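To start, the structure under review is shown below, and the notes come after it.
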Amino acid sequence: MENRSWKREKLRSTQPFFVLNSESFIQESYRKSGISHFYMITKKKGVPLRMIPNGSIDFIFSYEPDGMKAWVNGTPLSPVDDLFTDSTDLFGVRFMPGTHPTGLAIRQKDLIGLRFSLEDYYPKNFDFQGLSGKTDFLDRVRFFIKEYSKLKKDEPEPFGMESLFETVCDMIYKTDGQIRISDLAEKTGYSDRYIRKVFQEEMGFSPKIFCNILRLQRAIEFINYGFDEKTADWAASLGYYDQAQCIRDFRKYLGMTPRQYKKLISRDNYQERAVYAHDLGLKI
């Protein structure tokens, strides 16, 4: 197994079909204020986007002939195939897994597999109209950051439920989903049962499912960036009990086997299509 420092450089909460179903795709990591990265999609009308489980919330801005529409998308728990079929110009903000965006007046558990108008759940002083006038990727990114930074984030109370939830999410993310609930209990000083309760209350599903989703996300990125080992060789190092478990998770969360996914991204030149702004000399 090669050195896996690639994970820290490349890994986000990814939606590979946003790349594969687009005509052009540009992205840039941010890793501040709970934001994972920004992206912009140009695609043909009539082509749907597939969204897979990733444990994240997305803000997606659809630029339509009659004006911009702003949406908040929650993570699904199985693949969803019919997103933004008639849209051609999309700008997205993806938050880190488990992160609740500042100002959003709806809980993560109430967003699972759903999409709502962002303006219905967001502070009125956020300048949606200003963002609607931006056409360039970096202009959209910079404008969003400027508006987002104006919003007040309430810090969680020490030793409260929200603080525990954030701590648990961070532990799961940093271990790529390879941590037992008993280990979380030992490290936080709370019981397994209480951790499950807190996590269920915020996310709407168990920390074990969150672990499974993040492990699958790591496996996807592992394949995305060209590692040629057989599934059996790398599945164990990513926390799978065996190759069969890895294949089951791929089918459940991605809708295909690792072999089928690898063939797809190779055929459709995923790496060439997932363009980073900084590789074009563009800086946020």
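The values are calculated or read from the model by the stated rules, or taken from the named source; none is laboratory data. Note that the structure is predicted; figures quoted are calculated from it, not measured. FYI the Cβ positions are ideal-geometry reconstructions off the backbone, even for glycines, and counts take in every protein chain you see. For the accessible areas, the whole protein counts, side chains as well, though only heavy atoms, and no ligand, DNA or RNA atoms are used. Shrake-Rupley method; radii C 1.70, N 1.55, O 1.52, S 1.80 Å.
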* **Residue count for the stretch 248-284, restricted to those that are without any contact (Cβ under 8 Å) to a residue 40 or more places away in the chain and more than 30 Å from LEU138 (Cα to Cα)** => 11
* Please list, ordered by first then second residue, the pairs with beta carbon atoms under 6 Å, 6 or more apart or interchain, first in the stretch 41-68 and within 23 Å of TYR121 (Cα to Cα), second open to solvent by 10 Å² or more (accessible area, probe 1.4 Å) and acidic (Asp, Glu). => TYR63/ASP89
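For the stretch 97-154, which positions are hydrophobic (A, V, I, L, M, F, W, C) and in a loop (DSSP other than H, G, I, E, B)? If you could, list the steps in order and put the result at the bottom.
Pass one, the stretch 97-154, residues hydrophobic (A, V, I, L, M, F, W, C): 104-106, 111-112, 114, 116, 118, 126, 128, 131, 137-138, 141, 143-145, 151.
Passing the criteria: LEU104, ALA105, ILE106, LEU111, ILE112, LEU114, PHE126, LEU151.
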* **Breaking point among (1) open to solvent by 10 Å² or more (accessible area, probe 1.4 Å); (2) under 18 Å from the mean Cα position of the chain (by Cα), for LEU214** => (1)
* Name the pairs: first residue in the stretch 109-129 and touching a residue at least 24 places away in the same chain (Cβ under 8 Å), second residue part of a helix (DSSP H, G or I) and loosely packed, with under 14 Cβ neighbours inside 10 Å, Cβ to Cβ under 6 Å, at least 6 apart or on different chains? -> none
* Odd one out for PHE205 among (1) open to solvent by less than 30 Å² (accessible area, probe 1.4 Å); (2) assigned to a helix (DSSP H, G or I) -> (2)
* Single residue of the stretch 37-65 satisfying the filter (more than 11 Å from the chain's Cα centre (by Cα) and not in a strand (DSSP E or B)) that is modelled with the lowest pLDDT -> PRO65
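Restricting the search to the stretch 161-199, which residues are of a type in the set (A, V, I, L, M), open to solvent by less than 70 Å² (accessible area, probe 1.4 Å) and either at pLDDT below 90 or assigned to a loop (DSSP other than H, G, I, E, B) (or both)? First the steps, then the outcome.
Start the filter on the stretch 161-199 by keeping residues that are of a type in the set (A, V, I, L, M), which leaves 161, 164, 168, 171-172, 179, 181, 184-185, 195, 198.
Next, from what is left, pick out any that are open to solvent by less than 70 Å² (accessible area, probe 1.4 Å): 164, 168, 171-172, 179, 181, 184-185, 195, 198.
Answer for the stretch 161-199, where residues must be of a type in the set (A, V, I, L, M), open to solvent by less than 70 Å² (accessible area, probe 1.4 Å) and either at pLDDT below 90 or assigned to a loop (DSSP other than H, G, I, E, B) (or both): just ILE179.
In the stretch 234-254, which residue that is in a loop (DSSP other than H, G, I, E, B) and either touching a Gly at 6+ places or on another chain (Cβ under 9 Å) or modelled with pLDDT of 95 or more (or both) is least open to solvent (accessible area, probe 1.4 Å)? Explain how you work it out, then say what you get.
Our first condition is that a residue be in a loop (DSSP other than H, G, I, E, B); within the stretch 234-254, this holds for 239-242, 254.
Right, trim to either touching a Gly at 6+ places or on another chain (Cβ under 9 Å) or modelled with pLDDT of 95 or more (or both) and you get 239, 254.
Working: GLY239: 29, LEU254: 0 Å².
The selected residue is LEU254.
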* **Test: residue in the stretch 18-29 that is at pLDDT below 95, assigned to a strand (DSSP E or B), open to solvent by 60 Å² or more (accessible area, probe 1.4 Å) and over 25 Å from GLY239 (Cα atoms)** => no
* **The one condition in (1) surrounded by 20 or more Cβ atoms within 10 Å (Cβ to Cβ); (2) over 11 Å from the mean Cα position of the chain (by Cα) that GLY34 fails to fulfil** => (1)
* Out of all the residues in the stretch 86-111, which are open to solvent by less than 40 Å² (accessible area, probe 1.4 Å) and either of a type in the set (A, V, I, L, M, F, W, C) or more than 19 Å from GLN15 (Cβ to Cβ) (or both)? -> LEU90, PHE91, VAL93, PHE95, MET96, THR102, GLY103, LEU104, ILE106, LEU111
* To do: Check whether at least one residue in the stretch 145-153 is under 23 Å from ASN54 (Cβ atoms), of a type in the set (Val, Ile, Thr), modelled with pLDDT of 95 or more and surrounded by 18 or more Cβ atoms within 10 Å (Cβ to Cβ), and report yes or no.
  => no
* Scan the stretch 66-85 residue by residue and report those that are modelled with pLDDT of 95 or more, part of a loop (DSSP other than H, G, I, E, B) and open to solvent by 40 Å² or more (accessible area, probe 1.4 Å). => LEU77, SER78, THR85
